[in-house]
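Scroll down for the structure; my scribbles are underneath it.
The values are calculated or read from the model by the stated rules, or taken from the named source; none is laboratory data. Bear in mind the structure is a predicted one, so any value in this text is a computation, not a measurement. Cβ placement follows ideal geometry from the backbone for every residue including glycine, while neighbour counts extend to all protein chains displayed.
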Amino acid sequence: MTALLRQSVNTFSNDDDAIMSNSDIELSGGTEFSDGTEFSGDNGNSSDSEISSDSEISSDKASARSRVTPLSADPSTGELQLEERTSLRRVRGLSTELADVTEVEYRQLRLEQVVLAGIWTSGSAAHAEASLRELAALAETAGSVVLEGLIQRRDKPDAATYLGSGKAAELREIVISTGADTVICDGELTPAQLTALERVVKVKVIDRTALILDIFAQHATSREGKAQVSLAQMEYMLPRLRGWGEALSRQAGGRAGSNGGVGLRGPGETKIETDRRRIRERMAKLKREIVAMKSSRDTKRARRQRNQVPSIAIVGYTNAGKSSLLNTLTDAGVLVQDALFATLDPTTRRATLDDGREVVLTDTVGFVRHLPTQLVEAFRSTLEEVVDADILLHVVDGSDEFPLGQIDAVRHVINDVIREQDAVAPPELLVINKIDAADPLSLAKLRSALPDAVYVSAHTGAGIPALKKRLVEELVRKDVDVLVEVPYARGELVSRIHAEGTVEQETHEQNGTRIRAHVPPALAAALSEYAL
């Protein structure tokens with residue numbers, strides 16, 4: 001059974017309106033990663049190929065400027081990031097010709113028109129179509145126009161061409177009729193599958209993993225984020241290095257006479273082996289840099305813990321409204337954009353709850369179904385914010401077609417991280433966001449399925465007071481009862497009890513102040529020597 005999904009995407013008015021990326025991953029002449037590292041396929045001698053003429057670029061720039069929202073007189077950090085993200089960026093190396101040099105099967109997705117192809121192996125047709133619609137949203141976020149989507153019912157992907165020879169031929173006809181430049185497959189393809197399918201459809205083929213890596217490369221802004229994305233890119237690319245023609249037989253053998261002269265020298269190191277070695281060396285360096293940056297974040301987190309400030313990690317599916325919720329709770333002013341993976345770098349802000357208690361909230365990277373393992377590994381140091389949190393604020397898009405599937409996808413990744421850290425899972429508070437945009441009937445079913453969740457709209461502010469109240473209740477639940485007699489010389493401890501806990505009874509005795517109270521665990525530990 002085959003279903004054909006025709007997607008009419010009006011994100012851009014014409015082919016020239018594709019928003020370009022500054023990740024600059026060059027392929028026909030070489031490969032440049034998001035952190036600036038470049039591996040040239042011909043030792044840096046190939047010329048850069050441009051994707052458009054000067055007149056087209058000028059037209060694109062004017063079109064891009066018209067789409068940029070004017071900044072306010074005093075723009076926030078999020079507004080500045082949004083202006084930079086929506087500005088036109090020039091991309092090189094998009095020629096479909098296969099140069100006689102080393103090339104990588106990770107493709108720079110900045111082509112105007114794409115066709116999607118997916119395999120339906122399990123679940124309902126609705127779930128398969130929802131997965132393809134999510135792939136379309138990912139492609140749009142990357143700056144492409146989705147023309148059509150093709151789903152094939154199979155028990156498992158074809159080992160040769162992913163779709164099977166018949167469906168691959170049908171896909172070729174769709175590519176011809178639509179004039180598509182690229183095919184995006186809804187899964188991770190092996191290098192052999194990519195090559196075989198590309199031979200049939202005769203346009204570039206990328207998979208879901210490459211697409212997500214491309215979006216991450218666009219959106220990473222901090223030094224750590226760029227390093228993490230570059231590491232993930234290299235882990236994905238390493239087994240996918242390939243080349244054409246005689247260029248890959250170039251050898252870096254020994255000096256003349258070093259092994260006995262002409263005809264007697266060894267083969268040395270081929271071009272692909274050289275590239276692989278350089279990529280492995282760069283990966284090792286990136287891992288060391290990420291570990292060093294993790295140490296800095298650990299120091300900051302330890303300082304917050306010493307100051308007894310509770311931490312709340314905001315987690316959830318991509319585009320569920322995590323950054324909007326952070327802005328609503330803290331007035332953080334971080335970037336808010338209706339796009340997938342708009343936030344990659346964790347943002348931490350302070351907030352004061354209704355009981356006067358100070359907390360820190362951290363907005364983390366969003367999750368998605370079938371999140372590439374390379375990204376999970378690369379962002380593991382960032383995800384450790386989740387492990388050390390006092391509360392997980394799990395934000396769910398209430399307007400999504402399958403919100404329960406979002407919850408399962410997020411919990412799967414979080415549980416893996418917690419298990420590897422051999423840590424105890426923090427308590428989770430489910431927050432169903434975007435209730436203003438949700439279908440009333442679907443929302444009623446969701447309330448029945450998740451009665452303990454908090455239902456809010458970060459956009460309108462509905463339910464935010466109830467959320468703040470629940471946060472107080474969750475933190476109080478972690479508090480412990482104490483009965484202590486604090487010496488008068490330790491008046492600062494009495495002040496902390498009043499500031500951080502709930503005093504139930506207080507009397508002044510001969511040797512000090514006797515207090516029965518409900519306090520956070522850290523304060524209870526500090527009071528243990530005065531316990532009665």
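Mind listing just one residue for me: the one in region 473-508 that is closer than 11 Å to residue 523 by Cβ and in a strand (DSSP E or B) and, of those, modelled with the lowest pLDDT?
480
Filtering region 509-532 down to residues that are in a helix (DSSP H, G or I) and more than 25 Å from residue 389 (Cα to Cα), which residue is farthest from the chain's Cα centre (by Cα)?
Of the residues in region 509-532, the ones in a helix (DSSP H, G or I) are 521-530.
Filter once more, so that each one left must be more than 25 Å from residue 389 (Cα to Cα): 529-530.
On the way: 529: 46, 530: 48 Å.
Going through the qualifying residues, I end up with 530.
Name the single residue that is surrounded by the most Cβ atoms within 10 Å (Cβ to Cβ) among those in region 457-508 being among the acidic types (Asp, Glu) and more than 30 Å from residue 436 (Cβ to Cβ).
500
Just the residues that are modelled with pLDDT under 70, under 14 Å from the mean Cα position of the chain (by Cα) and more than 21 Å from residue 329 (Cβ to Cβ), please, taken from region 376-414.
Residues satisfying the conditions are 377, 378, 379, 380, 381.
Does residue 470 satisfy being in contact with a strand residue (DSSP E or B) (Cβ under 9 Å, 6 or more places away or on another chain), of a type in the set (D, E, K, R), assigned by TED's automatic domain parsing to the domain that holds residue 395 and not in a strand (DSSP E or B)?
On the way: in contact with a strand residue (DSSP E or B) (Cβ under 9 Å, 6 or more places away or on another chain): yes; of a type in the set (D, E, K, R): yes; assigned by TED's automatic domain parsing to the domain that holds residue 395: yes; not in a strand (DSSP E or B): yes.
Taking the combined requirement at face value, the residue satisfies it.
Looking at region 419-446, which of the residues that are without any contact (Cβ under 8 Å) to a residue 40 or more places away in the chain and either touching a His at 6+ places or on another chain (Cβ under 7 Å) or buried (at least 19 other Cβ atoms within 10 Å of the Cβ) (or both) is nearest to residue 386 (Cα to Cα)?
428
Of all residues in region 151-166, how many are surrounded by fewer than 22 Cβ atoms within 10 Å (Cβ to Cβ) and at negative phi? Lay out the reasoning, then the answer.
Taking region 151-166 as the starting set, the residues that turn out to be surrounded by fewer than 22 Cβ atoms within 10 Å (Cβ to Cβ) are 153-160, 164-166.
Filter once more, so that each one left must be at negative phi: 153-160, 165-166.
Counting residues in region 151-166 that are surrounded by fewer than 22 Cβ atoms within 10 Å (Cβ to Cβ) and at negative phi gives 10.
Answer yes or no as to whether residue 217 is touching a residue at least 12 places away in the same chain (Cβ under 8 Å) and more than 25 Å from residue 230 (Cβ to Cβ). It would help to see each step written out before you state the result.
Details: touching a residue at least 12 places away in the same chain (Cβ under 8 Å): yes; more than 25 Å from residue 230 (Cβ to Cβ): no.
For residue 217, the condition - touching a residue at least 12 places away in the same chain (Cβ under 8 Å) and more than 25 Å from residue 230 (Cβ to Cβ) - is not met.
Results for (1) over 12 Å from the mean Cα position of the chain (by Cα); (2) at pLDDT below 75; (3) over 14 Å from residue 458 (Cβ atoms), shown as yes or no for each residue.
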| site | (1), (2), (3) |
| --- | --- |
| 318 | no, no, yes |
| 348 | yes, no, yes |
| 360 | yes, no, yes |
| 366 | no, no, yes |
| 372 | no, yes, yes |
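Could you please find all residues in region 175-193 being crowded, with 19+ Cβ neighbours inside 10 Å and closer than 12 Å to residue 117 by Cβ?
Those that are crowded, with 19+ Cβ neighbours inside 10 Å and closer than 12 Å to residue 117 by Cβ: 175, 180, 182, 183, 184, 185, 186, 189, 193.
Restricting the search to region 509-524, which residues are exposed (fewer than 13 other Cβ atoms within 10 Å of the Cβ) and either under 16 Å from residue 310 (Cβ atoms) or not charged (D, E, K, R) (or both)? Write out each step before concluding.
Of the residues in region 509-524, the ones exposed (fewer than 13 other Cβ atoms within 10 Å of the Cβ) are 509-511, 521.
Residues satisfying the conditions are 510, 511, 521.
Buried (at least 19 other Cβ atoms within 10 Å of the Cβ) and either modelled with pLDDT under 80 or outside the structural domain of residue 468 (by TED's automatic domain parsing) (or both): does that describe residue 334?
yes
Results for (1) more than 17 Å from residue 464 (Cα to Cα); (2) among the β-branched types (Val, Ile, Thr); (3) touching a Gly at 6+ places or on another chain (Cβ under 6 Å); (4) in a helix (DSSP H, G or I), shown as yes or no for each residue.
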site	(1), (2), (3), (4)
355	no, no, no, no
365	yes, yes, no, no
374	yes, no, no, yes
395	no, yes, yes, no
407	yes, yes, no, yes
411	yes, no, no, yes
415	yes, no, no, yes
432	no, yes, yes, no
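Given (1) surrounded by fewer than 24 Cβ atoms within 10 Å (Cβ to Cβ); (2) at pLDDT 85 or above, where does residue 230 come up short, assuming only one miss?
(1)
Is it fair to say residue 399 is hydroxyl-bearing (Ser, Thr, Tyr), closer than 20 Å to residue 369 by Cβ and touching a Lys or Arg at 6+ places or on another chain (Cβ under 9 Å)? I'd like the intermediate steps shown before the answer.
Numbers: hydroxyl-bearing (Ser, Thr, Tyr): yes; closer than 20 Å to residue 369 by Cβ: yes; touching a Lys or Arg at 6+ places or on another chain (Cβ under 9 Å): yes.
Yes: the conditions hold for residue 399.
Please verify whether residue 485 is in contact (Cβ under 8 Å) with a residue 12 or more places away in the chain and over 23 Å from residue 414 (Cα atoms), treating the condition exactly as stated.
On the way: in contact (Cβ under 8 Å) with a residue 12 or more places away in the chain: yes; over 23 Å from residue 414 (Cα atoms): yes.
When the stated conditions are applied, residue 485 passes them.
Given the structure, is residue 522 farther than 20 Å from residue 317 by Cβ and at pLDDT below 90?
Numbers: farther than 20 Å from residue 317 by Cβ: yes; at pLDDT below 90: yes.
So residue 522 passes the test.
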